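Only the coordinates and a few stated rules stand behind these numbers; no lab work does. All figures in this text were calculated on a predicted structure; none of them were measured in a lab. As a convention, Cβ positions derive from the backbone with ideal geometry for all residues, glycine included, and neighbour counts pool all protein chains shown.
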Amino acid sequence: GESVGLHLPTLSVQEGDNSIINCAYSNSASDYFIWYKQESGKGPQFIIDIRSNMDKRQGQRVTVLLNKTVKHLSLQIAATQPGDSAVYFCAENSGGSNYKLTFGKGTLLTVNP
Amino acid sequence: DTAVSQTPKYLVTQMGNDKSIKCEQNLGHDTMYWYKQDSKKFLKIMFSYNNKELIINETVPNRFSPKSPDKAHLNLHINSLELGDSAVYFCASSQITGVGEKLFFGSGTQLSVL
């Protein structure tokens, strides 16, 4: 489980609700963004990505929205399930052609049955 | 059939020791990475190799030396371990998609320096 004093932003939702996880990115020149999910004891797992020339991209139960004006990225999860409980990270490519993903702080999502 | 595998999963050692973490990917990717995740879950890139060649070195102390014998392997050797090196170290490899570059991560090596 998570250690005490992790100081991660947290989001707690009921099973079946929709979840929205927000992320502010730092580099206005970043051209590519990814959302990752990290379950306890595992490595980050790719969820969905989006390029800076798009403002919305949909996957299965997930949607990523990009607002370049305010440098904001969000991940929407529809009909959240207990298996969605994890830490979610946004990441931006700030390295141009030398892809260098810079990760955000992470948000802990807890889904209550 | 694990795509990115790293060993060992846990590593407990004394300050001052030298240790290595191994990583292998069977995805045929050209680029591999090492990331460090601290106790607050913050993930930071350390190194990136493309086809055995170092392309990113993020001001990591030179006690950390990555070695890539071939493009499927990227090992991390750490000399003179310090307490602050305690963290989870993730290896990753990447694939260029139609949108960008997608990283596949290993399951991590939890390093504890006592």
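Observations on the model:
- The protein assembly as shown - Debye-derived log10 I(q)/I(0), Cα point model, q = 0.10, 0.11, 0.17 Å⁻¹: -0.46, -0.55, -1.27
- Overall size of chain B from C-alpha positions, given as principal axis extents largest first: 44, 26, 24 Å.
- Between the stretch A:56-113 and the stretch B:16-50, the alpha-carbon centres lie 22 Å apart.
- Taking B:ASN17, B:ASN57, B:ASN79 as the candidate residues, the one with maximal mean-square fluctuation in a Gaussian network model of chain B, Cα springs under 10 Å, is B:ASN17.
- Partner shielding of B:79-92 amounts to 1, given as the average count of beta-carbon atoms from other chains within 10 Å of each residue beta-carbon.
- Positive-end residue, the protein assembly as shown charge dipole about Cα centroid, Cβ charges, pick of A:PRO113, A:PRO82, B:PRO69: B:PRO69
- Applied to the stretch A:70-77, the Karplus parametrisation 6.51 cos²θ - 1.76 cosθ + 1.60 on θ = phi - 60° returns per-residue 3J(HN,Hα) values of 10, 6, 10, 10, 9, 10, 10, 10 Hz, with x for Gly and Pro.
- Each eigenvalue of the Cα gyration tensor of the stretch A:42-113, multiplied by 5 and square-rooted, gives one semi-axis; in descending order these are 23, 15, 11 Å.
- Aspartates and glutamates with Cα under 15 Å of B:LYS71, excluding same-chain neighbours fewer than 8 positions away: B:GLU24, B:ASP30, B:GLU53
- Computed over the stretch A:20-81, the percent of Cα pairs more than 17 Å apart is 39.
- Projected onto their three principal axes, the Cα atoms of the stretch B:54-114 cover extents of 44, 21, 20 Å, largest first.
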